[in-house]
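Asker: Input: one structure, supplied below.
Rule-based calculations on the coordinates, nothing more; no lab input. The structure displayed is predicted, hence computed values, not measured ones. No Cβ is skipped: glycine too gets one built from the backbone with ideal geometry, and neighbour counts run over all protein chains shown.
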Amino acid sequence: MSTLQRPLLVLLVCMIGYGVVLGPFTAYMKQKPVEEKLGYVPNVNLLRYVSADHKELVGAALLMKVLMYFGGLMDKQASNVVVEKPDFRGMSNIIHSALKLDPYNMDGYYFAQSFLVWDVKQYDIANKLLDYGMKYRTWDWYLPFFAGFNHSYFLKDYKKAAEYYKRAGELSGNELFFSLAGRYMQESGQTELAIAYLLILEKGAKNQAVKKYYQTRLTALKEVRRIEVARDNYRQTKGAAPITVEQLLQGGFLSPAPVDPYGGQFYLEPDGKVSTTSKFAFAGANTESKQKAGQSR
Amino acid sequence: MFSIIQITIKGIFRDRIFQGIMALAVLFLLIPSAASLSMRQVTELSITLSLSIISFILLLLAIFLGATSTWKDIERRYTFSVLSLPLSRTTYLVGRFCGIALFLLITALFLGTVAMLVIKVSSAIYPPTRPLLWYAIVVTIVFDALKYILLVAVAMLLATVSTSFFLPIFGAVSAFLAGTITQQVFDYLQSPSAQKAVSATVRNAAQALYYLLPNLSSFDLKVNAIYAIPLNLSGLLWTVLYFAVYTGILLAIGAILFERREMK
């Protein structure tokens, strides 16, 4: 019995100590600032060899890592915490690595398409990635649909866009794409095209962070569309184009006042195009809103 | 022969290895919720996770059972009592191999059934964009089992000459890693950029290794199972023949070495 006395005493003291420390320790951990980090990923050529026969798993794990990182940032943005701009370059690199390991993984193409074109405007990288995916996912209409959208909405290359939409139509059997190939090819129809495109993506999004991302963008574009309609009505009625959004509000063409979900302010460019000081991105709103809003007035 | 197979299987069950596998199989219950994190391919991700778990468990079994069974028998001096029976050392070795191979097949069957149920649940909650190719999933699991049975033969061959379990275990792990990349290295060496960058001697050495080492990438059909891509039947047939011939060679060399081994 005496041999057990010492360890028992130490155990008792430590248990009491644990109880004492646990409270402040947990409190400290709760308020400890957390850094959202994308981290480092080894070169894809090394991963390809090391992952042996689990390439699909490693590819999926890399994509999950990017998604978790992005989801964490989105949550913070939603709760109005000031965060750094997402590391889009790092995200793109990891997604490219994942798709080299598993070129069939749809999550990679879907996610890359969402930020490469809207946030960083890397249309060429996005389109190359989609072309790469089309070589493997030969049955998938989403990839040509994305590529068609990029070519028409962002690059204004309507001929190329029509080719991709036709391919999407052939693969899906959906008439919408054939009509897309011709219908929305004028500047005036571009916002409607983007709304239709985002509605399809938003409907199919399972991940809450990604869904929210699309919903915000969709809300912004619907507001743009509202201003566009008001602008056209103004031009028809008054015979001259409006210069500011305020004119539309005062003239009763636009009600209620449009709200940019990214925190910016809408304004009309000299050619009549509707823009916003946030540039349709959370990070853009903070830095340039006041300056640009002043200019537009 | 059959008594050796029986003893092997009984021994494995007595070591509670199957219970261990069943405990690991609890991981399958987490798959549907883990796969729901995927944005566009929940079912595909649940197939990926299921097949990877099966592959990983079979790898561990192949390496540890293949490497330790003969070594353990010699170490515990079981071989003396077994080999005093009227059967040859070759029969003993092949019997042990067949026992472990049968156990791997039983495990693959058990885990495969659980995986199919999990995939069924996932696909019911989030229907996939393409219909599932169930036969491709079954064939993938069977070929995974074949791959690891081949690895058991590699481990047992090394165990026949080794005095400890280090050589068979690390040798089998190395053979596994090398076997999964030989095809990639071979394809790279055939490319025009490699023709310039790599010297002829290295290329020839790599080519020799390509034919010498087991080509395990041909057994990996996960992409077909996950993305419902039809299988190449003649390719499958060639792989099965390759498996039979390669395993036969390994066992034959193992038997020759084991016959000549001195046991004190």
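Asker: Can you give the mean number of other chain Cβ atoms that lie within 10 Å of the Cβ atoms in peptide B:65-71?
Answerer: Taking the mean over all residues of the peptide, I get 0.
Asker: Would you calculate a helix-derived [θ] at 222 nm for chain B, using -39,500 (n - 2.57) for each DSSP H run of n ≥ 4 and dividing by the full residue count, to the nearest 500?
Answerer: My calculation for chain B gives -27000 deg cm²/dmol from helical runs alone.
Asker: Can you tell me, using C-alpha contacts under 8 Å and at least 6 residues apart, the relative contact order of chain A as a whole percent?
Answerer: Over chain A, the number comes to 9 percent.
Asker: Output the pairs from A:Lys55/A:Lys203; A:Lys55/B:Lys222; A:Lys121/A:Lys206 with a Cα-Cα distance over 18 Å in this structure; if there are none, say none.
Answerer: Table pairs above 18 Å Cα-Cα are A:Lys55/A:Lys203; A:Lys121/A:Lys206.
Asker: Could you rank the peptides B:230-237, B:144-151 by their average count of other C-beta atoms within 10 Å per residue, with the highest value first?
Answerer: Top of the packing list down: B:144-151, B:230-237.
Asker: Hey, another quick one. Step through the residues of segment A:53-66 one at a time and calculate ³J(HN,Hα) from phi using the Karplus curve (6.51 cos²θ - 1.76 cosθ + 1.60, θ = phi - 60°), rounding each to whole Hz and writing x for Gly and Pro.
Answerer: Along segment A:53-66, the couplings run 9, 10, 4, 5, 5, 5, x, 5, 5, 5, 5, 5, 4, 5 Hz.
Asker: Also, quick follow-up: Counting only other chains, what is the mean number of Cβ atoms within 10 angstrom of the Cβ of each residue in peptide A:203-212?
Answerer: Counting Cβ atoms of other protein chains within 10 Å of each residue's Cβ and averaging gives 2.
Asker: Suppose we take every Cα in the protein assembly as shown and form the convex hull; what volume per residue is that in Å³?
Answerer: Per residue, the Cα convex hull of the protein assembly as shown comes to 232 Å³.
Asker: Spelling out what I want: for every residue of segment A:227-237, take phi, set θ = phi - 60°, compute 6.51 cos²θ - 1.76 cosθ + 1.60 (Karplus), and round to whole Hz; glycine and proline get x.
Answerer: Residue by residue, segment A:227-237 yields 5, 4, 4, 4, 4, 5, 4, 4, 4, 5, 6 Hz.
Asker: Here's something else I'd like to know. How many Cβ atoms of partner chains, on average, are near each residue of A:100-112 if near means within 10 Å of its Cβ?
Answerer: That average works out to 4.
Asker: Ordered by residue, what ³J(HN,Hα) values in Hz, to whole numbers, does segment B:90-97 give under the Karplus form 6.51 cos²θ - 1.76 cosθ + 1.60, where θ = phi - 60° and Gly and Pro are x?
Answerer: The phi angles translate into 4, 4, 4, 5, 5, x, 4, 4 Hz.
Asker: I've got another one for you. Using only Cα atoms, tell me the angle between helix A:106-118 and the longest principal axis of chain A; keep it within 0 to 90° and round to the nearest 10.
Answerer: Tilt relative to chain A: about 60 degrees.
Asker: Quick one: angle between helix B:200-212 and the longest Cα principal axis of chain B, in degrees between 0 and 90, rounded to 10, please.
Answerer: Around 80 degrees separate the two axes.
Asker: Angle check, please: helix B:233-260 long axis (alpha carbons) against the longest principal axis of chain B (alpha carbons), in degrees 0 to 90, nearest 10.
Answerer: Taking Cα atoms only, the helix is inclined about 20 degrees.
Asker: Any lysines with Cα under 29 Å of the A:Lys30 Cα? List them, leaving off those in the same chain fewer than 8 positions away.
Answerer: Counting by Cα, and skipping residues close in sequence, A:Lys30 has these lysines nearby: A:Lys65, A:Lys76, A:Lys85, A:Lys211, A:Lys212.
Asker: Taking amide H positions as placed in the peptide plane 1.01 Å from N, state which residues far from A:Thr276 in sequence (5 or more) or on other chains have amide H under 5 Å from it.
Answerer: Those lying under 5 Å, H to H, from A:Thr276 are A:Tyr267.
Asker: Which distance in Å, rounded to a whole number, links the C-alpha centroids of segment B:81-144 and segment A:127-147?
Answerer: Computed from Cα coordinates, the inter-centre distance equals 35 Å.
Asker: Show which aspartates and glutamates lie in cross-link reach of B:Lys72 when reach means a straight Cα distance below 18 angstrom and same-chain residues fewer than eight apart are skipped.
Answerer: Leaving aside aspartates and glutamates fewer than 8 places away in the same chain, those within reach of B:Lys72 are B:Asp15, B:Glu259, B:Glu262.
Asker: Let me ask you something else. Cβ neighbours within 10 Å, averaged per peptide: list A:13-26, A:227-240 in order, most packed at the top.
Answerer: Top to bottom by mean Cβ count within 10 Å: A:227-240, A:13-26.
Asker: What is the Cα centroid distance between segment B:1-45 and segment A:250-275, reported in whole angstrom?
Answerer: 59
Asker: Right, something else. Packing-wise, with mean Cβ within 10 Å as the measure, how do B:114-124, B:96-106 rank, highest first?
Answerer: Result, highest mean first: B:96-106, B:114-124.
Asker: Quick check on chain A: helices-only [θ] at 222 nm, where DSSP H runs of length 4 and up contribute -39,500 (n - 2.57) each and the sum goes over total residues. Nearest 500, please.
Answerer: That comes out to -22500 deg cm²/dmol.
Asker: Choose one answer from A:Leu11, A:Leu101, A:Leu193: the residue with the largest mean-square fluctuation in a GNM of chain A with alpha-carbon springs under 10 Å.
Answerer: A:Leu11
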